[in-house]
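Heads up, the thing below is written out as structure tokens.
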Amino acid sequence: MSYASEGGAGAVIVRAEGCSRVYGDGPGSVTAVADADLTIRAGELVALVGPSGSGKSTLLSMLGALLTPTAGQVWIGEVDVTSLDERRRTQLRARRIGFVFQTAGLVPFLTAEENVATVGAFAGLPRRVARDRSRELLDELGLGERAGHLPDALSGGERQRVAVARALLVDPPVLLADEPTAHLDSDRGQQVVELVSAAVHDGARAGLIVTHDLNVAAQADRILRIADGRLIVPTI
């Protein structure tokens, strides 16, 4: 299934306007992100780079409906995420956004296949559909023979591939990756980036990858930089 039907290849899937996130009040307040504007289109992988503490992960969390902006708005397709209550935001995340984080975050007592399939329950997928889809994804990602293994029996790269499969289980139109190669060596990191890129381009998804690694960023279709909470728009 492809989410090109959300508006066609090249349609805007993720949009932020004037997004800010401020922690605290008064003189002691800290602005993590200030007045961010961006769009990500179907089939486009955008890299967001910047030093530690620059606001990269905060911006990703607002785009992924994990954090509510202090000001501004975020849309996923035609849905104004900032207007939703917590229950509806949770539903949106489960059904329309796939996340890959720095660590795979797999449940240690579940097999690779079970870790992937479990996500389906949150999105309302029938158990058999989730199980069949998880097997299909693990096969596609070269982990078919490892599907029955617990996380401790998998390498770091394999665990991150399971995390990618988990993010794709419900075929979401948005894929957000936060430093997915941070704890991997260059070869395994390259494999994960290639998987994320393929998932975005082949599935006509809107993709954002947060990274401090310029080699990773160079594989994206577009690079955005953030410093001191402000997006730096590249000049053409």
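The values are calculated or read from the model by the stated rules, or taken from the named source; none is laboratory data. Small disclaimer: the values here were computed from a predicted structure and weren't measured. We place every Cβ from the backbone using ideal geometry, glycine too, and count neighbours over all the protein chains shown.
Within the range 177-192, can you find the residues that are under 14 Å from the mean Cα position of the chain (by Cα) and either among the charged types (D, E, K, R) or farther than 20 Å from Leu59 by Cα (or both)?
Selection gives Asp178, Glu179, Val192.
Can you confirm whether the range 80-91 contains a residue that is more than 24 Å from Arg188 (Cα to Cα), aliphatic (A, V, I, L, M) and modelled with pLDDT of 95 or more?
yes
Scan the range 119-129 for residues that are touching a residue at least 12 places away in the same chain (Cβ under 8 Å) and either under 23 Å from Ser197 (Cα atoms) or of a type in the set (Val, Ile, Thr) (or both) and jot them down.
Matches in the range 119-129: Val119, Gly120.
From the list Ala182, Ala123, Ala206, pick out the single residue that is surrounded by 14 or more Cβ atoms within 10 Å (Cβ to Cβ) and modelled with pLDDT of 95 or more.
Result of the check over Ala182, Ala123, Ala206: Ala206.
Of all the residues that make up the range 67-91, how many are closer than 27 Å to Val193 by Cβ, surrounded by fewer than 19 Cβ atoms within 10 Å (Cβ to Cβ) and in contact with a Leu (Cβ under 7 Å, 6 or more places away or on another chain)?
0
For every residue, the table says whether it meets (1) free of Cβ contacts under 8 Å to residues at least 24 places away in the same chain; (2) more than 19 Å from the chain's Cα centre (by Cα); (3) part of a helix (DSSP H, G or I); (4) more than 28 Å from Gly10 (Cβ to Cβ).
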| residue | (1), (2), (3), (4) |
| --- | --- |
| Leu106 | no, no, no, yes |
| Phe109 | no, yes, no, yes |
| Asn115 | no, no, yes, yes |
| Glu136 | yes, yes, yes, no |
| Asp152 | no, yes, yes, yes |
| Arg159 | no, no, yes, yes |
